[in-house]
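Following: one structure in structure tokens, then a few remarks.
The values are calculated or read from the model by the stated rules, or taken from the named source; none is laboratory data. Treat the numbers as computed from the prediction; the structure is a model and nothing was measured. Cβ: placed from backbone, ideal geometry, glycine included. Neighbour counts: every protein chain shown. Just so you know, the surface numbers come from the protein's heavy atoms only, side chains and all, with ligands and any DNA or RNA stripped out. Shrake-Rupley method; radii C 1.70, N 1.55, O 1.52, S 1.80 Å.
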Amino acid sequence: MDTKNCFHCGLDIVEKEEIIFDDKSFCCTGCMTVYEIFSLNDMTCYYDFEKSPGATPQDINGKYDFLDNESIVSKLLDFEENATAIVSLSIPHIHCSSCIWILENLQRLKKGISTSQVNFPEKKVRITFHPAEVSLKEIVYLLSGIGYEPYISLENYEAGSNTVDRSLTYKLGVAFFCFGNIMLLSFPEYFEVKEYWLDQYRGFFRWLIFALSLPSFFYSASGYYVSAYKSIRSKMLNIDIPIALGIIVMFVRSTVDIVMDYGSGFFDSLTGLVFFMLLGKMFQIKTYSFLSFERDFKSYFPIAITRIQGNLEESVPIYDIQKGDRLLIRNQELIPVDGILITETADIDYSFVTGEAIPITKKSGDKVFAGGKQIGKMIEMEVLYSVSQSYLTQLWSNDVFQKNVEQKHKTITDQISRYFTPILLLIAFLSFGYWILKDTNTAFNVFTAVLIVACPCALALTAPFTFGNILRILGKKKFYLKNALVIEQLAKVDTIVFDKTGTITTNKKSNIAFQGNSLSEADLVLIKNVLRASNHPLSRMLYDFLPETQKLKLDHFAEITGKGIQATLNGTTIQLGSASFVGANEENAIQQTSVHITINENYIGKYVFNNQYREGLSSLFAHLSQGYQLKILSGDNEGEQKALEQLLPPGTELIFNQKPEQKLEFIKNLQEKGQNVMMVGDGLNDAGALAQSNVGISIAENVNVFSPACDAILDANVFDQLDSFMALSKKAITTIKMSFTVSLLYNVVGLSFAITGNLLPLVAAIIMPLSTITIVSFVTVMSNYYSRRRLQ
Amino acid sequence: MSVIYLLISISILVAIGFFIAFIRAVKTGQYDDDYTPSVRMLFDDELRITPNKSVQTTEEKQI
């Protein structure tokens, strides 16, 4: 069979449902409508930039009614005046150049929009519009209608204008400006030609160089002084102390040199050093602006919810919800507060809180907790607690969850510098002591020269460039780290704890197996047809699982909520549902999610929903078990224990029935035993454990969808490569150690010049950039080499 | 003779001019998004083609 792909969204087309419009095939009316909108507006070159760029528009009926509420809208706008309003909307679907093109041409689709600008890395669009002609709600509907549904959450509601910190860019700019100009101006000095013209203007050149070095010394390098001061106060010798010391000594000595006319000073080396070190800092910061590593419940919660007052339905901001209010929750909407269910039944998916994918059925009068998602029909509920007092919000404001793991971690550079700094000072004073017996003048020269040449520029550059490079390589492999520090932490990990549901299993498909008497073809047809009428999530899953059959009309159908379905067809009665419903004896059925079947009162068997483990799980665990202690920590019951034991290498500890707080405690206990723990989880139920662990990795099926606060986000598709990522992080540390050796060699060479009192500005000007360049290229080559070997 | 003072002063002034331009560019956020503009600049041609009636210039990509 030839599979066709939708012209708009690129998904496979089910043959029966294919729609042909304008000679193009579409998978659904949604996609066709989008195409129609674009072709009517002469905007079909949307499809030229990228093949099948679109997304099927989702049904959003009523979802954005809260945008009628003026006070909410004004909170969302960045800027508002009579004739113009600006809004920034986050659109997760933005992924290609077609997206940029269509979103920047919104003004052609709707009157009243004046301009729109896409920020691709952040997946945001900034729309300037005329509030009198078009409302925000209309814009959101337009975007949703063309498949670019914005994501609006409580976070948008609260966020003020966040200022971007650009100080590093300024510092780098200033440093480069000073460095470049000083290099040009000091060129004549390098040759020391006894020439009339040069001698004549030497003073002018030197003072100009001095003036140019001031911004670099006082502004660009200021971060190092602050950091050095802080580390002295906290009695931790970090690498910034010798750096700051070197810079200051260099500046003072150079100034004395030109004032006393001893020589030209080391301003060129000074500014070069500042520039290169800032460059390293810049390189190390690689941010994935479309990801966020610091999320709390606010980014998940809706802004507003529908409240029923009498016969009136209105959207209210969720902070205005009070006890006793009646709320209306639509399909796929999140329940924002704890309450009591009023509608007869509801199927609530708590996967977001507990990680358990299969929804729980609640009956009228049951308590429903915030964080659940309603699946199916609209439900009504009465509020018991306001947002800030609800279970989920309380959980988040719980101290344990809030507590930041103290950054006791010492970076590898700081470890080295703990020895480096005292040794350096010792050498400086010893050589000073030696020379002062002979010649006071040389003694001061030697003392300063030692501090200058030993300034650990190359040492300080090693880690930023190695980590920066590894960070980018891993990012390309879809393993996104929060910052460079995580690589070091990764290399130190000795224990890995995995969550079960959603982490080592996929949420997407459940593995369904039939247990019982064999089913005849006719029975299957029957079951499939009965399931078709039911909306229960388990029914839907089972329906999708069973093979296609002919469609029959049922004579009688009844769904008994919370229990099962009863139907008759051509005189055959069939019951599907829980064990108690069909009258099967229930022994170990609690442990498994299953659907039981009886036909004409005869018990046939049951469908068991097993977890589907991720591909490559066994081999990944086999690889990891060689170097790490592995543990599985699950919020579920022991139902899967047997299957897991078979799948995983022996020695893997399995712990079940863990509440979020217990998971956190578990990690804490391990840490108290001195272990470095990495936690791999997915849902909000792991959030505490992720925060407590040394490295918290969250698995995401789709990185654009939100994951809990963590140190790294791993794309679920590359889950099986986790071991190579871990190995690469260890290699990164090896690279750094090798490069430390090289840079220490440079220091020894430089010091031998300095101690003997022979450090000329020219020598310094050669050694410094040379060591920098060799170190940077060395670590880049090495880390690329290792990553090529480790990651295919 | 004093021409060297003049020349160097001018060269420094020019450099400072560029430096100010850089600072302003950073301040107005031109360095915040370094990807989108590179794509956007390629669109300008496409816009001119579009008004050529709605005859499908798009070649059939599927099937």
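Taking every Cα atom in chain A, find the radius of gyration and the maximum pairwise distance Dmax, and write them in Å.
33.0, 117
Kirkwood hydrodynamic radius of region A:1-134 from all distinct Cα pairs, in Å?
Evaluated over region A:1-134, this radius sits at 16.5 Å.
Using alpha carbons only, how many angstrom separate the centre of region A:240-290 from the centre of region A:541-562?
74
Please identify the trypsin sites (Lys or Arg not before Pro) of region A:454-562 that satisfy two criteria: DSSP loop assignment and at most 10 other Cβ atoms within 10 Å. Which are they?
A:Lys508, A:Lys551, A:Lys553
Leaving ligands, DNA and RNA out of it, work out the accessible area of B:Asp32 with a 1.4 Å probe and give it in Å² to the nearest 10.
For B:Asp32, the solvent-accessible surface is approximately 70 Å².
How do A:Tyr201, A:Tyr785 rank by accessible surface area computed with a 1.4 Å probe, from largest to smallest? Don't skip to the answer; put the middle values down first.
Values: A:Tyr201 5, A:Tyr785 110 Å².
Per-residue accessible area, sorted high to low, gives A:Tyr785, A:Tyr201.
Tell me the carbon and sulfur percent of the accessible area for chain A, rounded to whole percent, probe radius 1.4 Å.
53
Excluding A:Asp165 itself, what net charge comes from residues whose Cβ is under 13 Å from its Cβ, given Lys and Arg +1 and Asp and Glu -1?
+3
Using only Cα atoms, find the angle between the long axis of helix A:521-532 and the longest principal axis of chain A, and express it within 0 to 90 degrees, rounded to the nearest 10.
70
Can you list the residues, at least 5 places off or on another chain, whose amide H is less than 5 Å from the amide H of A:Phe266, using H built in the peptide plane?
Amide H to amide H, under 5 Å and 5 or more residues apart or across chains, A:Phe266 pairs with A:Ser254.
Which of the GluC sites (Glu not before Pro) found in region A:25-83 are in a DSSP loop and have at most 10 neighbouring Cβ atoms, other than their own, within 10 Å?
On the way: sites: A:Glu36, A:Glu50, A:Glu70, A:Glu80, A:Glu81; in loops: A:Glu50, A:Glu81.
Answer by residue number: A:Glu81.
Please give the helix A:457-476 orientation as an angle from the longest Cα principal axis of chain A, in degrees from 0 to 90, rounded to the nearest 10.
It is inclined by approximately 20 degrees.
Compute the FRET efficiency between B:Ser9 and A:Leu770 as 1/(1 + (r/R0)^6), taking r as their Cβ-Cβ distance and R0 = 30 Å, and round to the nearest 0.05.
Once rounded, the FRET efficiency stands at 0.40.
From the alpha carbon gyration tensor of region A:62-179, can you work out the equivalent ellipsoid semi-axes (sqrt of 5 times each eigenvalue) and give them in Å, largest to smallest?
29, 18, 14
To the nearest 10 square angstrom, how much accessible area does A:Ser539 have with a 1.4 angstrom probe?
10
So what is the relative contact order of chain A, in percent, for Cα pairs below 8 Å that sit 6 or more residues apart?
This gives 11 percent for chain A.
Comparing the chain by itself with all protein chains present, which residues of region B:10-24 are at least 30 Å² less accessible (probe 1.4 Å)?
Checking the loss per residue gives B:Ile12, B:Ala15, B:Phe19, B:Phe22, B:Ile23.
Counting other Cβ atoms within 10 Å, which trypsin sites (Lys or Arg not before Pro) in region A:646-746 have at most 12 and lie in a DSSP loop?
Details: sites: A:Lys663, A:Lys668, A:Lys673, A:Lys730, A:Lys731, A:Lys737; in loops: A:Lys673.
Those satisfying the criteria are A:Lys673.
Report the B-A buried area as the accessible area lost on both sides summed, probe 1.4 Å, in Å² to the nearest 100.
That pair of chains buries around 3400 Å² in total.
Taking a probe of 1.4 Å, how large is the accessible area per residue of chain A, in Å²?
45
Residue by residue through region A:72-83, which ³J(HN,Hα) values in whole Hz follow from phi under the Karplus form 6.51 cos²θ - 1.76 cosθ + 1.60 (θ = phi - 60°), with glycine and proline marked x?
Whole-Hz 3J(HN,Hα) from phi for region A:72-83: 5, 4, 5, 6, 7, 6, 7, 7, 8, 9, 3, 9.
For helix A:267-284, what angle does its Cα long axis make with the longest principal axis of chain A, in degrees from 0 to 90 and rounded to 10?
10
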